[in-house]
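Okay, so here's the structure we're looking at.
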Amino acid sequence: MTPRRAAGIALVSFLLAAAFALGLFLTARSPSIIPPTTGQASARESQPRAIEEVREALTGSYYRPVERDVLDQPTITGLLRALGDPNTDFLTAVEYDSLKSRTARSYSGVGLTVEPSRAGLVVTSALNGPARKAGVRRGDIIVRIEGRPAGKLTFDQALNLIKGDKGTVVHLTLRRPDHGRLRVTVVRQEITLPSLRARLIRFHGAKLGYLRLLSFPDATAERLGEATASLVRRGARGIVLDLRDNPGGLLNQAVRAVSIFLEEGVVCTVAGLHQEEMTYEVTGSATYPKLPLVLAVNRGSASASEIVAAALQDHERAVIVGRRTYGKASVQSIRPLSNGTALKLTTAMYRTPAGRDLTGYGIRPKFRVGDDPLTDVDEVLRAAELALLDQIATA
């Protein structure tokens, strides 16, 4: 499997329904999920007890003060809309149950990776899965989802419309260069998803290690360390760590991942209105503190992956290549409600070692380059390989 094919494993099924789906939030206890569109919330959200529980959670745990007119909204949907925080949202009972059971390595989805664009979603890879069988290709632009204009939806809303249970269908309208518009119906299927891919590549006569990290679940750092060691034993003189389309996961795994490559220093600082400021530092047991390192990122890199990239960038430990990252600096936790639903709640914000707030800005790579989905070459990987060779030559 080529690095390009390995990159394609980051499925929309993962981004939409896996334990670290592109809900783009970070928590020290719970993995990320895609937030539901509040208009799709269950009718049970209007039950007085659930509304009161949401008000109590916002009053006692939200990262900033909540105004009285927001708390006085009569429904959870109205309350969260007035709050204006896309990362705090209501989970229906089905979505919450799905979250609690997400420890498996297979998920229901369509088999795509996508990036946001003005027109909708650009397909960056299409595996041998249901979407590909339905005719979706790399480079297609998804312009409508279930009849709704994708370009008028937030990235989260668009992804949320695509997700669903195994055996259900989603209707997509595509725009393909030189072919106009196409309409396809995709039947969601169970798709197996690894969280880490590793391979040794040869580039200009040098052996380089390539690691594609798709999420930050439990034991990510351990697997990352083992994969790095294996590549080094096989002769890798440096590592390309590919965090493209990595939506995040567990904070402790992000800290431990940085700790593999950095001997000392701060990884991030977390604080909120009801949370004492906490500074997370590396563990001090770096196994590869001087190994040449290049990180590849894009707009799908968020949350924990941004923490890793920002820490290594601020400490001048790695070169960043690709496109600007998503720009999410908030920390969420899940609060169960008495009616079986739950609240995804922003409880804190984090800053990088240099004190940067990434909200809306993201991480800007040293070398800005995008992967053209219409070519056979992965331009970002090629740029990362060149940058890594330069590091090796000057080490």
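The values are calculated or read from the model by the stated rules, or taken from the named source; none is laboratory data. Keep in mind it's a predicted model, so treat the numbers as computed, not measured. Methodologically, a virtual Cβ is constructed for each residue, glycine included, from the backbone with ideal geometry; neighbour enumeration extends over all protein chains shown. We work out accessible area using only protein heavy atoms, side chains counted, and drop any ligands, DNA or RNA first. Shrake-Rupley method; radii C 1.70, N 1.55, O 1.52, S 1.80 Å.
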remark   = (1) in a loop (DSSP other than H, G, I, E, B); (2) open to solvent by 10 Å² or more (accessible area, probe 1.4 Å) all hold for Val136 apart from (2)
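Out of the residues in segment 327-369 that are of a type in the set (Lys, Arg) and crowded, with 21+ Cβ neighbours inside 10 Å, state the one that is farthest from the chain's Cα centre (by Cα).
Only one residue fits best here, namely Lys344.
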note = Restricted to segment 317-372 and to residues being of a type in the set (Asp, Glu) and free of Cβ contacts under 8 Å to residues at least 40 places away in the same chain, the residue farthest from Ala50 (Cα to Cα) is Asp372
ask   = Do you know which residues across segment 160-218 are under 19 Å from Pro149 (Cβ atoms), of a type in the set (Lys, Arg) and under 24 Å from the mean Cα position of the chain (by Cα)?
value = Lys163
message = Condition first: touching a helix residue (DSSP H, G or I) at 6+ places or on another chain (Cβ under 7 Å) and crowded, with 18+ Cβ neighbours inside 10 Å. Now tell me which residues in segment 370-387 satisfy that.
response = Asp371, Asp378, Leu381
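Results for (1) of a type in the set (Gly, Ala, Ser); (2) surrounded by fewer than 16 Cβ atoms within 10 Å (Cβ to Cβ), shown as yes or no for each residue.
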| site | (1), (2) |
| --- | --- |
| Pro177 | no, yes |
| Gly180 | yes, yes |
| Val187 | no, yes |
| Arg197 | no, no |
| Ala206 | yes, no |
note = Asp390 passes all but one of the listed conditions (1) assigned to a loop (DSSP other than H, G, I, E, B); (2) open to solvent by 40 Å² or more (accessible area, probe 1.4 Å); (3) under 30 Å from Gly205 (Cα atoms); the exception is number (1)
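In segment 271-302, what residues are of a type in the set (Val, Ile, Thr) and in contact with a helix residue (DSSP H, G or I) (Cβ under 8 Å, 6 or more places away or on another chain)?
Listed by number, the residues that qualify are Val282, Thr283, Thr287, Val294, Val297.
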task = Mind listing just one residue for me: the one in segment 107-125 that is among the small types (Gly, Ala, Ser), at pLDDT below 80 and under 16 Å from Lys163 (Cα atoms) and, of those, most open to solvent (accessible area, probe 1.4 Å)?
result = Ser108
message = Take the conditions modelled with pLDDT under 50, charged (D, E, K, R) and either within 26 Å of Asp140 (Cβ to Cβ) or open to solvent by 50 Å² or more (accessible area, probe 1.4 Å) (or both) and apply them to Arg68. Does it pass?
response = no
message = Cβ-Cβ under 6 Å, sequence separation 6+ or interchain: first residue in segment 133-149 and farther than 16 Å from Val187 by Cα and of a type outside the set (Lys, Arg), partner open to solvent by 50 Å² or more (accessible area, probe 1.4 Å) and at pLDDT below 95. Which pairs?
response = Gly139/Leu374; Ile141/Arg175; Val143/Arg175
query = (1) buried (at least 24 other Cβ atoms within 10 Å of the Cβ); (2) among the polar types (S, T, N, Q); (3) assigned to a loop (DSSP other than H, G, I, E, B): which one isn't true of Ser305, the others all being true?
reply = (3)
ask   = So is Gly225 over 12 Å from Ser195 (Cα atoms), surrounded by fewer than 24 Cβ atoms within 10 Å (Cβ to Cβ) and either in contact with a Lys or Arg (Cβ under 8 Å, 6 or more places away or on another chain) or among the basic types (Lys, Arg) (or both) or not?
value = no
request  = Quickly run through segment 169-187 and pick out the residues that are touching a residue at least 40 places away in the same chain (Cβ under 8 Å) and either of a type in the set (S, T, N, Q) or under 20 Å from Asp245 (Cα atoms) (or both).
outcome  = Thr185
ask   = Within segment 148-158, is there a residue that is open to solvent by less than 30 Å² (accessible area, probe 1.4 Å), modelled with pLDDT under 90, out of contact with any Ser or Thr (no Cβ under 7 Å at 6 or more places or on another chain) and over 28 Å from Asp97 (Cα atoms)?
value = no
